[in-house]
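K.L.:
Questions regarding the structure given below will be posed in turn.
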C-alpha cells in the first residue's frame, strides 16, 4: 500500500465528543511508522468511498444519528467495506447504528446490520469514566475511556464483547462494545484511541495487513502515563 | 426602585445582604450565590419584585457573556446607574443579589446562564435579550447544543414577545432560536466554531457557506442582514446607518470587538448614543480576572479564560505570536469531567512556540499536543510554569477552575 486512506464518516452529523481525535491519533501513529496517510472527511451528502483502508464513525445526537443511518443504508458502501474485511471503528451513536436496530427520538430505527446487536434505551444516562478488560486474543490490554449515552446494547451470537466492564456501564453494565472480524464498536470516547494506543495499533495493523507486533515501536510514555492516571483515578474512587 | 417592595421582600433583601456580607467576611467568595439563596427562601418572588420597574437586558450564550455584560454595563452607565452580576454568578441567585445590592439602579445588565434563560425571561421581563452564540460546552453535565437551541426557541416564543432581541446573525443556531421573535436586531458577531452548525437546526439539511454568508440548502433558513458589524478594516463597529464607531479596546481579539458591537447595539436600544458609549468600552481592562495582566519574577502574564473548544480557538487567535504559552486544564465538576473536547481544538497554531502545560489534567494535554506534533514541557503548577519560561511576556490560557486556581495565586486579581 502506498498511502493509508482513513475515512472519517459524516463529521457533519456524528462528531460530538472529540471524535476527530480518533482520526488524528491514527494518522499520527501511522506517520510515526513512516506510513503515509490520506485522511478523508466524508460529509453525509457525499458518496462513501468503497476503496478506503479504514473507516471511522463517531457519536452524535438522536436526530443526526437517524439521518446518518438512513444515508449509510442508501449508500451501501460501508456495508460492502465491512464484507470486504476493511477495519471499521464506530463510537457511541455510530456503534449503535451498525447493529440491526437502535432507538432515536423515541422510536426504533433500522440499522446497517454490520454487527449482530441491537440497542434500546436504558433506565438512565450512562455518564462517566469507563474501564474494562478485553479478550486476550485482541492483545490490547485493559481499556479506558469516557462514556455518555442513554442507550443500552444487546449483543447477538455473532459478535464478541470488546471488554468486560470493570467500571462504568458500557453495553449493559456487564460488557462494553463489540467486535467481529475487523469491525469494532464501542461507547468509549475520550477519544478512545488516544487513551488506548494498542487499540489504535490493532486497527492500523488490520488496515495495512500485518500483525500488530510487526508495527515498529513508538514512544508511548505520555499515553501510558495518561492510562495509569485514569485507571488510578478509578481505583481511588472505588 | 425598591421603594415599592413589600415588607416581606424588604426583609428578604436585608437578610440577603447580611448573608452575602458574612460570606465575604469569612472568605467564602463574593457572597452572591448564598445571599440570593437566602433571599429567595424568604421571598420566592424576590427576583421578580426586585426587577420590577427597571429596564433590564439579559445576555446569554456559550461564550463572551461576562465580557459583553461588562461592556454593556459600561455603555449604560452613560445614562444611569446599572445593577449587574459582574462576578459571573449567572443563575437566579446571582441575579437576585445583583439587583438587591443596587436598589437605586434604574437599569440592569444581567449575564444569564444558557439553561436559565426561560426562568429569567419570566422573572425579569427584560426590555432587551442578547443572544451571543451556542456551541458545545461541558457535554457530560449539560444538554447537547441543538437541544438547547430548540429549548431557547420555544422559550423565546412563549416569553419574549415584549422584548427586543439582539442576536448573532453569524450563528445558525442563534438565528433559528431568535427568528421566532417579532423584533430582532442582528449583529454580525462572528462564529469561531462552526462544527455544531454544519447542518440546519430547523430541518437537518446541509448549510452552505460562502464567506460569511450561510443558508440552508433545503428550508431556506439563512443569514439575516446584520444591522451591526465589526469593521473589516481597523478597530471599529459599524452601526445600522453605516456610521463607524472607533474602538480602542484594551481587551484583545476580534471576538471582543464583536462583543463590543453587541454591547453598542444593546445600548442604543436603551437610548444611549453609540458615539458616547464606544469610548467607555475602552475603560474595561479586565473582566473578573480575564485578560488581567499580572507580574511575577520578571514574567508579565496575561490571563485568558477558555472553557470549551470555541473559547480555546478564540484565545489562540488573541494571543501574541511570540511569547511562551502556558496551558492549564482541569476537569472538576464545573469544568465537566470529560476532557475529550480538547480533540475538537486544533493546537497546531502553537507549533514552534515555547509551550508549557499544567493543571490537574496536564497529562491529557500532553497526549493531545503530541498528536498535533507540538513540543511542550509539563509542570506541576503555575509557579513551576513561571519558572519554566524566561523573563518577559507570557500568555496563559486556562479553563474554568484552572483559571480560578491561577487567579488565587495572584490574590484573586480582577
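The values are calculated or read from the model by the stated rules, or taken from the named source; none is laboratory data. In this text the structure is predicted, and so the values were computed from the model without any measurement. Cβ coordinates were reconstructed from backbone atoms using ideal geometry, including for glycine residues, and neighbour counts include every protein chain displayed.
K.L.:
Considering each residue of the range A:135-177, count those that are within 24 Å of residue A:215 (Cβ to Cβ) and in contact (Cβ under 8 Å) with a residue 40 or more places away in the chain, and give that number.
P.N.:
Count: 9.
K.L.:
Right, something else. Of all residues in the range A:110-130, count the ones that are within 14 Å of another protein chain (Cβ to nearest Cβ) and either buried (at least 19 other Cβ atoms within 10 Å of the Cβ) or touching a helix residue (DSSP H, G or I) at 6+ places or on another chain (Cβ under 6 Å) (or both).
P.N.:
Of the residues in that region, 3 qualify.
K.L.:
Within 28 Å of residue B:144 (Cβ to Cβ) and at pLDDT below 95: which single residue out of A:17, A:55, A:95 fits that description? Quick ask: steps written out before the conclusion?
P.N.:
On the way: A:55 fails: at pLDDT below 95; A:95 fails: at pLDDT below 95.
Every option except A:17 fails the conditions.
K.L.:
Sticking with this one: Under 21 Å from the mean Cα position of the chain (by Cα) and over 17 Å from residue B:398 (Cβ atoms): does that describe residue B:335?
P.N.:
No: the conditions fail for residue B:335.
K.L.:
How about the range A:87-127: which of its residues are in a strand (DSSP E or B) and within 30 Å of residue A:209 (Cα to Cα)?
P.N.:
A:88, A:89, A:90, A:91, A:117, A:118
K.L.:
Next up: Somewhere in the range A:171-179, is a residue within 13 Å of chain B (Cβ to nearest Cβ) and either farther than 26 Å from residue B:363 by Cβ or assigned to a helix (DSSP H, G or I) (or both)?
P.N.:
For the range A:171-179, residues within 13 Å of chain B (Cβ to nearest Cβ) and either farther than 26 Å from residue B:363 by Cβ or assigned to a helix (DSSP H, G or I) (or both): absent.
Okay, residues lined up against (1) at pLDDT below 90; (2) out of contact with any strand residue (DSSP E or B) (no Cβ under 7 Å at 6 or more places or on another chain); (3) over 25 Å from residue B:148 (Cα atoms):
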site	(1), (2), (3)
B:52	no, yes, yes
B:61	no, no, no
B:67	no, no, no
B:70	no, no, no
B:76	no, no, yes
B:83	no, no, yes
B:106	no, no, yes
B:111	no, no, no
B:118	no, yes, no
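K.L.:
Inspect all residues belonging to the range A:115-122 and state whether any of them is out of contact with any strand residue (DSSP E or B) (no Cβ under 6 Å at 6 or more places or on another chain), at negative phi and without any contact (Cβ under 8 Å) to a residue 60 or more places away in the chain.
P.N.:
Among the residues of the range A:115-122, not one is out of contact with any strand residue (DSSP E or B) (no Cβ under 6 Å at 6 or more places or on another chain), at negative phi and without any contact (Cβ under 8 Å) to a residue 60 or more places away in the chain, which makes the answer no.
K.L.:
Follow-up. Show me the helices (runs of 4 or more DSSP H) found entirely inside the range B:307-414 where at least 1 residues are buried (at least 24 other Cβ atoms within 10 Å of the Cβ), at the interface with chain A (Cβ under 10 Å from one of its Cβ atoms) and at pLDDT 95 or above.
P.N.:
B:362-371
K.L.:
Filter the range B:291-306 for residues that are out of contact with any helix residue (DSSP H, G or I) (no Cβ under 7 Å at 6 or more places or on another chain) and in a strand (DSSP E or B) and give the result. Before you say what the answer is, go through the steps one by one.
P.N.:
Our first condition is that a residue be out of contact with any helix residue (DSSP H, G or I) (no Cβ under 7 Å at 6 or more places or on another chain); within the range B:291-306, this holds for B:291-295, B:298, B:300-302.
Within the range B:291-306, B:293, B:294, B:295, B:300, B:301, B:302 qualify.
K.L.:
Do any strands (runs of 3 or more DSSP E) lying entirely in the range B:169-286 carry at least 1 residues that are crowded, with 18+ Cβ neighbours inside 10 Å, over 22 Å from the mean Cα position of the chain (by Cα) and on the phi < 0 side of the Ramachandran plot, and which ones are they?
P.N.:
Of the strands (runs of 3 or more DSSP E) lying wholly inside the range B:169-286, those with at least 1 residues that are crowded, with 18+ Cβ neighbours inside 10 Å, over 22 Å from the mean Cα position of the chain (by Cα) and on the phi < 0 side of the Ramachandran plot span B:207-210, B:213-216, B:244-246.
K.L.:
Return the residues of the range B:340-368 that are touching a strand residue (DSSP E or B) at 6+ places or on another chain (Cβ under 8 Å), touching a residue at least 24 places away in the same chain (Cβ under 8 Å) and at negative phi; say none if nothing qualifies. First the steps, then the outcome.
P.N.:
Residues of the range B:340-368 touching a strand residue (DSSP E or B) at 6+ places or on another chain (Cβ under 8 Å): B:340, B:350, B:353-359, B:362-363, B:365-366.
From what is left, the residues that are touching a residue at least 24 places away in the same chain (Cβ under 8 Å) are B:350, B:353-359, B:362, B:365.
If the condition is that a residue be touching a strand residue (DSSP E or B) at 6+ places or on another chain (Cβ under 8 Å), touching a residue at least 24 places away in the same chain (Cβ under 8 Å) and at negative phi, then B:350, B:353, B:354, B:355, B:356, B:357, B:358, B:362, B:365 are the ones that fit.
K.L.:
How many residues, within the range A:196-217, are in contact (Cβ under 8 Å) with a residue 40 or more places away in the chain, surrounded by 11 or more Cβ atoms within 10 Å (Cβ to Cβ) and over 13 Å from residue A:25 (Cα atoms)?
P.N.:
Final tally of qualifying residues: 5.
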